[in-house]
1. Who wins for biggest fluctuation among B:L152, B:L86, B:L113 in a Gaussian network model of chain B, springs between alpha carbons below 10 Å?
2. Determine the principal axes of the Cα atoms in region A:6-219, then give the extent along each, sorted from largest to smallest and rounded to whole angstroms.
3. Out of region B:37-127, which GluC sites (Glu not before Pro) are coil in DSSP terms and have no more than 14 other C-beta atoms within 10 Å?
4. Roughly what angle does helix B:195-208 make with the longest principal axis of chain B, taking Cα atoms, 0 to 90 degrees, to the nearest 10?
5. What fraction of the DSSP beta bridges in the protein assembly as shown is antiparallel, stated in percent and rounded to the nearest 5?
6. Ignoring ligands, DNA and RNA and using a 1.4 Å probe, state the total buried accessible area between B and A in Å², rounded to the nearest 100.
7. What area, in nm² and to one decimal, does the C-alpha convex hull of the protein assembly as shown cast on average over all directions?
8. With heavy atoms of protein chains only and a 1.4 Å probe, what residues of region A:182-211 have at least 40 Å² less accessible area in the full set of chains than alone?
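The values are calculated or read from the model by the stated rules, or taken from the named source; none is laboratory data. Since the model is a prediction, treat every value here as computed from it, not as a measurement. Here the Cβ positions follow ideal geometry from the backbone for every residue, glycine too, while neighbour counts run over all protein chains shown. Please note that ligands, DNA and RNA were not included when accessible areas were found on the heavy atoms of the full protein model with its side chains. Shrake-Rupley method; radii C 1.70, N 1.55, O 1.52, S 1.80 Å.
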Amino acid sequence: MMFTSSLGRKYVMALTGLFLISFLVVHLSGNLLSLIPDGGLTFNAFTHFMETNLVIKVMEYVLFAGFIIHILQSVVVTLINQRARPSKYAVNAGSASSTWASRNMGILGTIIFIFLVIHLRDFFFELKFGDDELGLDASGNVNLYKEVVETFAMLPYTALYIVAMFGLGFHLWHGFASSFRSLGLMHSKYTPAIVFIGKLYTIIVTAGFIIIPLYWYLVQL
Amino acid sequence: MNLTLKVWRQKNSSAKGTFETYQLDNVDVHASFLEMFDVLNEKLINEGKEPVAFDHDCREGICGTCSMVINGRAHGPLQNTTTCQLHMRHFKDGDTIVVEPWRSKAFPVLKDLVVDRGAFDRIIAAGGFVSVNTGQAPDANTIPVKKEKAELAFDAAACIGCGACVAACKNSSAMLFVSAKVSHLALLPQGNAERYSRVLNMVAQMDKEGFGSCTNTNACEAECPKGISVTNIARLNREYLAASLAAQKK
Ligand code: HEM
Ligand code: SF4
Ligand code: FES
(Lines give C-alpha, C1' and ligand atoms only; values in the text may rest on other atoms or scores of the structure.)
(Ligands and ions follow the chains in the order given, each with its own letter.)
Protein backbone atom coordinates (compact mmCIF):
# COMPACT_ATOMS: atom_id res chain seq x y z
CA MET A 1 0.00 0.00 0.00
CA MET A 2 2.65 2.48 1.07
CA PHE A 3 4.79 1.97 -2.03
CA THR A 4 1.92 2.45 -4.47
CA SER A 5 0.84 5.76 -2.96
CA SER A 6 2.04 9.02 -4.48
CA LEU A 7 4.30 9.63 -1.49
CA GLY A 8 5.57 6.06 -1.40
CA ARG A 9 6.59 6.16 -5.05
CA LYS A 10 8.64 9.24 -4.29
CA TYR A 11 10.33 7.50 -1.34
CA VAL A 12 11.43 4.83 -3.80
CA MET A 13 12.59 7.41 -6.37
CA ALA A 14 14.51 9.30 -3.70
CA LEU A 15 16.18 6.22 -2.23
CA THR A 16 17.20 4.84 -5.61
CA GLY A 17 18.27 8.33 -6.70
CA LEU A 18 20.52 8.70 -3.67
CA PHE A 19 21.93 5.23 -4.28
CA LEU A 20 22.72 6.17 -7.89
CA ILE A 21 24.34 9.36 -6.60
CA SER A 22 26.69 7.27 -4.46
CA PHE A 23 27.42 5.00 -7.43
CA LEU A 24 28.46 8.00 -9.53
CA VAL A 25 31.24 8.78 -7.03
CA VAL A 26 32.75 5.32 -7.51
CA HIS A 27 32.28 5.42 -11.26
CA LEU A 28 33.86 8.85 -11.64
CA SER A 29 36.81 7.95 -9.40
CA GLY A 30 37.52 4.94 -11.61
CA ASN A 31 37.14 6.91 -14.84
CA LEU A 32 39.53 9.61 -13.67
CA LEU A 33 42.26 6.94 -13.47
CA SER A 34 42.24 6.92 -17.28
CA LEU A 35 43.90 10.34 -17.13
CA ILE A 36 46.99 8.94 -15.38
CA PRO A 37 49.77 8.99 -18.02
CA ASP A 38 50.92 5.38 -17.64
CA GLY A 39 49.44 3.95 -20.81
CA GLY A 40 46.33 2.86 -18.92
CA LEU A 41 47.98 0.38 -16.55
CA THR A 42 46.28 1.79 -13.43
CA PHE A 43 42.95 2.20 -15.19
CA ASN A 44 43.01 -1.36 -16.52
CA ALA A 45 44.10 -2.73 -13.15
CA PHE A 46 41.16 -0.94 -11.52
CA THR A 47 38.82 -2.30 -14.21
CA HIS A 48 40.18 -5.77 -13.54
CA PHE A 49 39.53 -5.36 -9.83
CA MET A 50 35.96 -4.20 -10.49
CA GLU A 51 35.44 -7.19 -12.78
CA THR A 52 36.66 -9.81 -10.37
CA ASN A 53 35.84 -8.60 -6.86
CA LEU A 54 32.89 -10.51 -5.43
CA VAL A 55 31.39 -7.57 -3.52
CA ILE A 56 31.54 -5.41 -6.64
CA LYS A 57 29.98 -8.22 -8.69
CA VAL A 58 27.04 -8.40 -6.29
CA MET A 59 26.76 -4.60 -6.23
CA GLU A 60 26.54 -4.66 -10.01
CA TYR A 61 23.19 -6.44 -9.75
CA VAL A 62 22.05 -4.07 -7.02
CA LEU A 63 23.04 -1.19 -9.29
CA PHE A 64 21.06 -2.61 -12.20
CA ALA A 65 18.06 -3.04 -9.94
CA GLY A 66 18.51 0.53 -8.68
CA PHE A 67 18.49 1.91 -12.21
CA ILE A 68 15.54 -0.19 -13.30
CA ILE A 69 13.43 0.65 -10.25
CA HIS A 70 14.28 4.37 -10.51
CA ILE A 71 13.42 4.43 -14.21
CA LEU A 72 10.20 2.38 -13.96
CA GLN A 73 9.01 4.41 -11.02
CA SER A 74 9.85 7.66 -12.83
CA VAL A 75 7.74 6.57 -15.81
CA VAL A 76 4.78 5.71 -13.59
CA VAL A 77 5.07 8.93 -11.56
CA THR A 78 5.45 11.09 -14.67
CA LEU A 79 2.43 9.49 -16.38
CA ILE A 80 0.25 9.94 -13.28
CA ASN A 81 1.41 13.55 -13.01
CA GLN A 82 0.62 14.28 -16.64
CA ARG A 83 -2.79 12.70 -16.33
CA ALA A 84 -3.55 14.98 -13.39
CA ARG A 85 -3.70 17.93 -15.82
CA PRO A 86 -5.55 16.78 -18.94
CA SER A 87 -6.10 20.28 -20.32
CA LYS A 88 -3.07 22.52 -20.38
CA TYR A 89 -2.84 26.23 -19.65
CA ALA A 90 -2.78 28.60 -22.61
CA VAL A 91 -0.23 30.75 -20.81
CA ASN A 92 2.42 28.94 -18.85
CA ALA A 93 4.43 31.03 -16.44
CA GLY A 94 6.22 28.16 -14.71
CA SER A 95 9.52 30.02 -14.79
CA ALA A 96 8.07 32.63 -12.44
CA SER A 97 7.70 30.13 -9.65
CA SER A 98 10.12 27.22 -10.18
CA THR A 99 13.49 26.29 -11.67
CA TRP A 100 13.85 24.85 -15.16
CA ALA A 101 15.58 21.70 -13.93
CA SER A 102 12.81 20.93 -11.45
CA ARG A 103 10.17 21.15 -14.19
CA ASN A 104 12.08 18.93 -16.62
CA MET A 105 13.22 15.95 -14.57
CA GLY A 106 11.48 13.58 -16.97
CA ILE A 107 13.20 14.99 -20.06
CA LEU A 108 16.55 15.11 -18.27
CA GLY A 109 16.06 11.53 -17.11
CA THR A 110 15.26 10.49 -20.68
CA ILE A 111 18.52 12.06 -21.90
CA ILE A 112 20.38 10.08 -19.24
CA PHE A 113 18.49 6.94 -20.24
CA ILE A 114 19.33 7.22 -23.95
CA PHE A 115 22.93 7.83 -23.04
CA LEU A 116 22.89 4.88 -20.67
CA VAL A 117 21.81 2.46 -23.40
CA ILE A 118 24.53 3.61 -25.79
CA HIS A 119 27.11 3.77 -23.03
CA LEU A 120 26.43 0.25 -21.80
CA ARG A 121 26.60 -1.12 -25.33
CA ASP A 122 29.96 0.51 -26.02
CA PHE A 123 31.79 -0.11 -22.78
CA PHE A 124 30.00 -2.52 -20.50
CA PHE A 125 28.93 -5.12 -23.04
CA GLU A 126 32.15 -4.67 -24.95
CA LEU A 127 34.03 -5.65 -21.83
CA LYS A 128 31.66 -8.44 -20.78
CA PHE A 129 30.68 -10.07 -24.02
CA GLY A 130 32.81 -8.45 -26.71
CA ASP A 131 35.06 -10.71 -28.81
CA ASP A 132 38.53 -10.31 -27.40
CA GLU A 133 39.42 -7.44 -29.72
CA LEU A 134 40.47 -5.31 -26.77
CA GLY A 135 43.58 -7.35 -26.06
CA LEU A 136 45.71 -7.23 -22.93
CA ASP A 137 47.97 -4.48 -21.60
CA ALA A 138 51.55 -4.86 -20.32
CA SER A 139 50.29 -6.10 -16.92
CA GLY A 140 48.06 -8.70 -18.53
CA ASN A 141 44.75 -6.90 -17.82
CA VAL A 142 42.05 -6.41 -20.47
CA ASN A 143 42.88 -3.16 -22.23
CA LEU A 144 39.64 -1.18 -21.76
CA TYR A 145 41.83 1.91 -21.74
CA LYS A 146 42.36 1.45 -25.47
CA GLU A 147 38.59 1.46 -25.97
CA VAL A 148 38.30 4.71 -23.98
CA VAL A 149 41.02 6.43 -25.98
CA GLU A 150 39.65 5.26 -29.34
CA THR A 151 36.04 6.09 -28.50
CA PHE A 152 36.83 9.65 -27.51
CA ALA A 153 38.71 10.27 -30.72
CA MET A 154 35.28 10.31 -32.39
CA LEU A 155 33.53 13.67 -32.35
CA PRO A 156 29.90 12.42 -32.40
CA TYR A 157 30.42 10.12 -29.44
CA THR A 158 32.36 12.72 -27.47
CA ALA A 159 29.71 15.35 -28.17
CA LEU A 160 26.88 13.00 -27.17
CA TYR A 161 28.73 12.10 -24.00
CA ILE A 162 29.17 15.73 -23.01
CA VAL A 163 25.55 16.67 -23.80
CA ALA A 164 24.35 13.72 -21.72
CA MET A 165 26.52 14.83 -18.82
CA PHE A 166 24.84 18.23 -18.88
CA GLY A 167 21.54 16.36 -18.72
CA LEU A 168 22.82 14.45 -15.71
CA GLY A 169 24.10 17.67 -14.17
CA PHE A 170 20.72 19.41 -14.33
CA HIS A 171 19.00 16.22 -13.11
CA LEU A 172 21.22 16.23 -10.05
CA TRP A 173 21.07 20.02 -9.59
CA HIS A 174 17.43 19.54 -8.63
CA GLY A 175 17.44 15.87 -7.66
CA PHE A 176 20.04 15.84 -4.89
CA ALA A 177 18.26 18.08 -2.40
CA SER A 178 14.84 17.06 -3.72
CA SER A 179 15.39 13.46 -2.66
CA PHE A 180 16.00 14.51 0.94
CA ARG A 181 12.72 16.39 1.04
CA SER A 182 10.85 13.49 -0.53
CA LEU A 183 12.05 11.41 2.41
CA GLY A 184 10.81 14.07 4.82
CA LEU A 185 14.29 15.28 5.72
CA MET A 186 14.09 19.05 5.98
CA HIS A 187 15.49 21.11 8.81
CA SER A 188 16.37 24.76 9.18
CA LYS A 189 19.85 23.83 10.41
CA TYR A 190 20.78 20.99 8.02
CA THR A 191 18.89 21.70 4.79
CA PRO A 192 21.10 24.64 3.72
CA ALA A 193 24.11 22.32 4.11
CA ILE A 194 22.39 19.58 2.08
CA VAL A 195 21.55 22.05 -0.68
CA PHE A 196 25.12 23.35 -0.70
CA ILE A 197 26.67 19.88 -0.77
CA GLY A 198 24.23 18.90 -3.51
CA LYS A 199 25.33 21.76 -5.75
CA LEU A 200 29.00 21.16 -5.00
CA TYR A 201 28.60 17.44 -5.72
CA THR A 202 26.75 18.19 -8.95
CA ILE A 203 29.41 20.60 -10.19
CA ILE A 204 32.30 18.26 -9.32
CA VAL A 205 30.65 15.14 -10.77
CA THR A 206 29.43 16.84 -13.94
CA ALA A 207 32.77 18.57 -14.55
CA GLY A 208 34.64 15.36 -13.78
CA PHE A 209 32.67 13.30 -16.27
CA ILE A 210 33.06 16.01 -18.93
CA ILE A 211 36.81 16.51 -18.48
CA ILE A 212 37.64 12.90 -19.40
CA PRO A 213 36.10 12.72 -22.92
CA LEU A 214 37.10 16.33 -23.57
CA TYR A 215 40.72 15.63 -22.66
CA TRP A 216 40.94 12.52 -24.82
CA TYR A 217 39.28 14.23 -27.74
CA LEU A 218 41.50 17.28 -27.58
CA VAL A 219 44.83 15.41 -27.24
CA GLN A 220 43.97 13.30 -30.30
CA LEU A 221 42.99 16.21 -32.56
CA MET B 1 -6.68 52.22 -18.58
CA ASN B 2 -7.75 50.18 -21.59
CA LEU B 3 -7.40 46.42 -21.56
CA THR B 4 -7.80 43.44 -23.84
CA LEU B 5 -9.12 40.45 -21.92
CA LYS B 6 -8.90 36.88 -23.15
CA VAL B 7 -11.25 34.94 -20.94
CA TRP B 8 -11.93 31.21 -20.85
CA ARG B 9 -15.60 30.53 -21.62
CA GLN B 10 -17.05 27.09 -21.07
CA LYS B 11 -20.81 26.38 -20.90
CA ASN B 12 -20.59 23.42 -18.52
CA SER B 13 -18.24 20.66 -17.39
CA SER B 14 -18.78 18.53 -20.48
CA ALA B 15 -18.63 21.40 -23.02
CA LYS B 16 -15.44 22.27 -24.85
CA GLY B 17 -14.21 25.68 -23.76
CA THR B 18 -12.60 28.45 -25.79
CA PHE B 19 -11.11 31.87 -25.21
CA GLU B 20 -13.26 34.92 -25.91
CA THR B 21 -11.61 38.29 -26.40
CA TYR B 22 -13.14 41.38 -24.80
CA GLN B 23 -12.08 45.00 -25.07
CA LEU B 24 -12.57 46.86 -21.78
CA ASP B 25 -11.95 50.61 -21.73
CA ASN B 26 -11.60 53.16 -18.93
CA VAL B 27 -10.79 50.61 -16.24
CA ASP B 28 -10.16 52.27 -12.87
CA VAL B 29 -6.57 51.57 -11.74
CA HIS B 30 -7.83 51.27 -8.16
CA ALA B 31 -10.39 48.61 -9.00
CA SER B 32 -9.67 45.12 -7.79
CA PHE B 33 -9.36 42.38 -10.39
CA LEU B 34 -12.81 41.08 -9.45
CA GLU B 35 -14.33 44.58 -9.65
CA MET B 36 -12.86 44.81 -13.12
CA PHE B 37 -14.70 41.58 -13.92
CA ASP B 38 -17.90 43.05 -12.44
CA VAL B 39 -17.58 45.93 -14.90
CA LEU B 40 -16.98 43.51 -17.76
CA ASN B 41 -20.04 41.47 -16.77
CA GLU B 42 -22.22 44.58 -16.56
CA LYS B 43 -21.10 45.44 -20.06
CA LEU B 44 -21.84 41.92 -21.29
CA ILE B 45 -25.29 41.94 -19.68
CA ASN B 46 -26.08 45.33 -21.27
CA GLU B 47 -25.08 43.86 -24.62
CA GLY B 48 -27.43 40.93 -24.00
CA LYS B 49 -24.56 38.48 -23.63
CA GLU B 50 -23.93 35.83 -20.99
CA PRO B 51 -21.76 37.21 -18.14
CA VAL B 52 -18.55 35.42 -17.17
CA ALA B 53 -19.09 33.03 -14.25
CA PHE B 54 -16.40 33.32 -11.59
CA ASP B 55 -16.20 32.33 -7.93
CA HIS B 56 -15.97 34.94 -5.19
CA ASP B 57 -17.32 35.41 -1.71
CA CYS B 58 -15.48 37.44 0.92
CA ARG B 59 -13.47 39.71 -1.36
CA GLU B 60 -11.19 40.14 1.64
CA GLY B 61 -8.58 37.51 0.85
CA ILE B 62 -9.80 34.99 3.42
CA CYS B 63 -12.35 32.67 1.84
CA GLY B 64 -10.19 31.34 -0.97
CA THR B 65 -12.88 31.06 -3.62
CA CYS B 66 -11.64 33.66 -6.15
CA SER B 67 -9.77 31.18 -8.34
CA MET B 68 -8.34 32.60 -11.57
CA VAL B 69 -5.13 31.91 -13.43
CA ILE B 70 -4.03 35.31 -14.69
CA ASN B 71 -1.36 35.35 -17.40
CA GLY B 72 -0.28 31.89 -16.31
CA ARG B 73 -0.05 32.76 -12.60
CA ALA B 74 -2.53 31.47 -10.01
CA HIS B 75 -4.16 34.58 -8.46
CA GLY B 76 -2.04 36.78 -10.73
CA PRO B 77 1.46 38.17 -10.54
CA LEU B 78 1.64 39.34 -6.90
CA GLN B 79 3.02 37.21 -4.08
CA ASN B 80 0.83 36.30 -1.10
CA THR B 81 -2.21 37.83 -2.78
CA THR B 82 -5.60 36.42 -3.75
CA THR B 83 -7.29 37.57 -6.96
CA CYS B 84 -9.73 39.72 -4.99
CA GLN B 85 -6.80 41.58 -3.38
CA LEU B 86 -5.04 42.14 -6.70
CA HIS B 87 -5.57 45.64 -8.07
CA MET B 88 -5.50 46.92 -11.61
CA ARG B 89 -2.60 49.29 -10.85
CA HIS B 90 -0.34 46.26 -11.17
CA PHE B 91 -1.18 46.13 -14.87
CA LYS B 92 -0.34 48.56 -17.65
CA ASP B 93 -2.58 50.48 -20.01
CA GLY B 94 -2.95 48.48 -23.21
CA ASP B 95 -2.14 45.13 -21.57
CA THR B 96 -3.62 41.90 -22.84
CA ILE B 97 -4.61 39.73 -19.88
CA VAL B 98 -5.34 36.03 -20.29
CA VAL B 99 -7.65 34.60 -17.62
CA GLU B 100 -8.14 30.84 -17.25
CA PRO B 101 -9.69 28.54 -14.64
CA TRP B 102 -7.67 26.24 -12.36
CA ARG B 103 -6.79 23.35 -14.66
CA SER B 104 -6.67 20.00 -12.93
CA LYS B 105 -8.41 16.68 -13.42
CA ALA B 106 -9.45 16.79 -9.75
CA PHE B 107 -11.00 20.27 -10.14
CA PRO B 108 -13.44 19.94 -13.05
CA VAL B 109 -14.58 23.21 -14.61
CA LEU B 110 -18.26 23.80 -13.84
CA LYS B 111 -18.67 26.93 -15.93
CA ASP B 112 -16.24 29.52 -17.33
CA LEU B 113 -13.80 30.22 -14.47
CA VAL B 114 -15.69 28.28 -11.80
CA VAL B 115 -14.22 24.93 -10.80
CA ASP B 116 -15.49 22.24 -8.43
CA ARG B 117 -13.12 22.03 -5.44
CA GLY B 118 -15.14 19.28 -3.77
CA ALA B 119 -12.01 17.11 -3.88
CA PHE B 120 -10.54 19.26 -1.09
CA ASP B 121 -13.68 18.81 1.01
CA ARG B 122 -13.47 15.05 0.60
CA ILE B 123 -9.80 15.08 1.65
CA ILE B 124 -10.75 17.02 4.79
CA ALA B 125 -13.64 14.66 5.45
CA ALA B 126 -11.19 11.74 5.23
CA GLY B 127 -9.28 12.92 8.29
CA GLY B 128 -8.63 16.65 8.45
CA PHE B 129 -10.39 17.14 11.76
CA VAL B 130 -10.14 16.40 15.47
CA SER B 131 -12.94 14.20 16.77
CA VAL B 132 -14.54 16.09 19.61
CA ASN B 133 -16.24 14.24 22.42
CA THR B 134 -19.40 15.66 23.94
CA GLY B 135 -19.23 17.44 27.26
CA GLN B 136 -18.20 20.83 28.45
CA ALA B 137 -15.92 22.99 26.38
CA PRO B 138 -12.47 22.64 27.98
CA ASP B 139 -10.60 25.63 29.33
CA ALA B 140 -8.47 27.25 26.66
CA ASN B 141 -5.14 26.70 28.40
CA THR B 142 -5.57 23.36 30.15
CA ILE B 143 -3.31 21.59 27.65
CA PRO B 144 0.12 23.20 27.44
CA VAL B 145 1.35 23.82 23.89
CA LYS B 146 4.96 24.77 23.20
CA LYS B 147 5.09 28.27 21.74
CA GLU B 148 7.20 27.28 18.71
CA LYS B 149 4.82 24.46 17.85
CA ALA B 150 1.80 26.69 18.27
CA GLU B 151 3.37 29.18 15.87
CA LEU B 152 4.08 26.49 13.25
CA ALA B 153 0.59 25.06 13.61
CA PHE B 154 -0.88 28.52 13.23
CA ASP B 155 1.17 29.21 10.10
CA ALA B 156 -0.13 25.97 8.58
CA ALA B 157 -3.68 26.75 9.67
CA ALA B 158 -3.57 29.91 7.57
CA CYS B 159 -4.33 27.77 4.48
CA ILE B 160 -7.65 28.88 3.02
CA GLY B 161 -8.12 25.86 0.75
CA CYS B 162 -8.08 27.99 -2.39
CA GLY B 163 -6.34 25.40 -4.57
CA ALA B 164 -3.77 27.80 -6.04
CA CYS B 165 -1.08 25.27 -5.11
CA VAL B 166 -2.79 22.66 -7.30
CA ALA B 167 -3.31 25.19 -10.08
CA ALA B 168 0.35 26.26 -10.04
CA CYS B 169 1.89 22.80 -9.75
CA LYS B 170 2.96 21.20 -13.02
CA ASN B 171 1.66 17.90 -11.60
CA SER B 172 -1.59 19.33 -10.18
CA SER B 173 -0.34 18.07 -6.84
CA ALA B 174 -2.32 18.86 -3.70
CA MET B 175 0.67 18.26 -1.43
CA LEU B 176 0.88 21.82 -0.08
CA PHE B 177 -2.80 21.89 0.88
CA VAL B 178 -2.78 18.41 2.43
CA SER B 179 0.52 19.05 4.19
CA ALA B 180 -0.81 22.29 5.68
CA LYS B 181 -3.87 20.51 7.03
CA VAL B 182 -1.89 17.52 8.33
CA SER B 183 0.77 19.78 9.89
CA HIS B 184 -1.75 22.04 11.55
CA LEU B 185 -3.22 19.14 13.52
CA ALA B 186 -0.12 16.96 13.89
CA LEU B 187 1.74 19.79 15.64
CA LEU B 188 -0.91 20.22 18.33
CA PRO B 189 -1.60 17.86 21.23
CA GLN B 190 -5.31 17.93 20.38
CA GLY B 191 -4.56 16.33 17.02
CA ASN B 192 -2.22 13.69 18.37
CA ALA B 193 -4.71 10.88 19.02
CA GLU B 194 -5.67 10.60 15.35
CA ARG B 195 -2.30 11.62 14.00
CA TYR B 196 -1.42 8.48 12.07
CA SER B 197 -4.86 7.46 10.83
CA ARG B 198 -5.40 11.04 9.69
CA VAL B 199 -2.35 11.24 7.45
CA LEU B 200 -2.93 7.78 5.96
CA ASN B 201 -6.58 8.50 5.16
CA MET B 202 -5.99 12.00 3.81
CA VAL B 203 -3.18 10.87 1.50
CA ALA B 204 -5.28 7.92 0.29
CA GLN B 205 -8.13 10.31 -0.53
CA MET B 206 -5.73 12.77 -2.19
CA ASP B 207 -4.48 10.01 -4.50
CA LYS B 208 -8.02 8.80 -5.18
CA GLU B 209 -9.08 12.27 -6.32
CA GLY B 210 -6.49 12.19 -9.10
CA PHE B 211 -3.98 14.79 -7.93
CA GLY B 212 -0.37 14.27 -9.04
CA SER B 213 2.66 13.76 -6.82
CA CYS B 214 5.31 16.20 -5.62
CA THR B 215 8.44 16.91 -7.67
CA ASN B 216 9.57 19.55 -5.14
CA THR B 217 9.51 22.37 -7.68
CA ASN B 218 8.25 24.83 -5.01
CA ALA B 219 5.79 26.43 -7.46
CA CYS B 220 3.02 25.90 -4.86
CA GLU B 221 4.81 27.89 -2.20
CA ALA B 222 5.58 30.70 -4.64
CA GLU B 223 1.91 30.99 -5.69
CA CYS B 224 0.20 30.32 -2.34
CA PRO B 225 -1.66 33.46 -1.25
CA LYS B 226 -1.12 32.56 2.40
CA GLY B 227 2.61 31.89 2.26
CA ILE B 228 2.26 28.24 3.32
CA SER B 229 5.81 26.85 3.48
CA VAL B 230 7.03 23.74 1.69
CA THR B 231 8.54 22.64 5.01
CA ASN B 232 5.01 21.37 5.60
CA ILE B 233 5.42 19.05 2.61
CA ALA B 234 8.56 17.61 4.18
CA ARG B 235 6.58 17.12 7.40
CA LEU B 236 3.81 15.35 5.46
CA ASN B 237 6.41 13.02 3.93
CA ARG B 238 7.73 12.33 7.44
CA GLU B 239 4.31 11.80 9.00
CA TYR B 240 3.20 9.48 6.22
CA LEU B 241 6.40 7.43 6.41
CA ALA B 242 6.12 7.07 10.19
CA ALA B 243 2.41 6.24 10.00
CA SER B 244 2.94 3.66 7.24
CA LEU B 245 5.75 1.97 9.13
CA ALA B 246 3.83 1.94 12.40
CA ALA B 247 0.51 0.78 10.92
CA GLN B 248 -0.66 -2.64 12.09
CA LYS B 249 -1.37 -5.40 9.63
CA LYS B 250 -4.99 -5.18 8.48
C1 HEM C 1 22.80 8.17 -12.65
C2 HEM C 1 21.61 8.38 -12.98
C3 HEM C 1 20.53 9.03 -12.12
C4 HEM C 1 20.61 9.62 -10.89
C5 HEM C 1 21.83 9.79 -10.00
C6 HEM C 1 19.28 10.09 -10.56
C7 HEM C 1 18.95 10.75 -9.41
C8 HEM C 1 17.71 11.26 -9.12
C9 HEM C 1 17.34 11.91 -7.90
C10 HEM C 1 18.24 12.09 -6.69
C11 HEM C 1 16.05 12.30 -8.01
C12 HEM C 1 15.22 13.06 -6.98
C13 HEM C 1 14.22 12.16 -6.33
C14 HEM C 1 13.21 12.93 -5.54
O15 HEM C 1 12.80 14.03 -5.92
O16 HEM C 1 12.77 12.43 -4.51
C17 HEM C 1 15.59 11.92 -9.31
C18 HEM C 1 14.33 12.18 -9.80
C19 HEM C 1 13.89 11.77 -11.03
N20 HEM C 1 14.56 10.94 -11.90
FE21 HEM C 1 16.48 10.36 -11.75
N22 HEM C 1 18.42 9.79 -11.58
C23 HEM C 1 19.15 9.12 -12.56
C24 HEM C 1 18.67 8.61 -13.74
C25 HEM C 1 17.36 8.73 -14.19
C26 HEM C 1 16.85 8.15 -15.39
C27 HEM C 1 17.63 7.27 -16.35
C28 HEM C 1 15.54 8.54 -15.47
C29 HEM C 1 14.46 8.28 -16.48
C30 HEM C 1 14.50 7.57 -17.53
C31 HEM C 1 15.24 9.37 -14.33
C32 HEM C 1 14.05 9.98 -14.10
C33 HEM C 1 13.75 10.76 -13.01
C34 HEM C 1 12.54 11.52 -12.84
C35 HEM C 1 11.38 11.62 -13.83
C36 HEM C 1 12.62 12.16 -11.61
C37 HEM C 1 11.61 13.11 -11.02
C38 HEM C 1 10.53 12.41 -10.30
C39 HEM C 1 9.56 13.41 -9.78
O40 HEM C 1 8.64 13.79 -10.50
O41 HEM C 1 9.71 13.85 -8.64
N42 HEM C 1 16.38 9.46 -13.55
N43 HEM C 1 16.62 11.27 -9.97
S1 SF4 D 1 -1.71 25.76 0.63
FE2 SF4 D 1 -1.91 27.91 -0.05
S3 SF4 D 1 -2.38 27.71 -2.24
FE4 SF4 D 1 -2.78 25.70 -1.34
S5 SF4 D 1 -4.95 25.71 -0.79
FE6 SF4 D 1 -3.84 26.40 1.05
S7 SF4 D 1 -3.82 28.65 0.87
FE8 SF4 D 1 -4.36 27.88 -1.16
S1 FES E 1 -13.05 36.32 -2.69
FE2 FES E 1 -12.52 35.45 -0.75
S3 FES E 1 -10.37 35.25 -0.93
FE4 FES E 1 -10.86 36.27 -2.77
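1. Residue with maximal mean-square fluctuation among B:L152, B:L86, B:L113: B:L152.
2. Over region A:6-219, Cα extents along the principal axes are 60, 36, 33 Å.
3. B:E47, B:E60
4. 40
5. 75
6. Counting both chains, the buried surface is close to 3200 Å².
7. On the way: hull surface 120.2 nm².
Its Cα hull, projected and averaged over all orientations, spans 30.1 nm².
8. With the partner chains in place, region A:182-211 has these residues losing at least 40 Å²: A:G184, A:M186.
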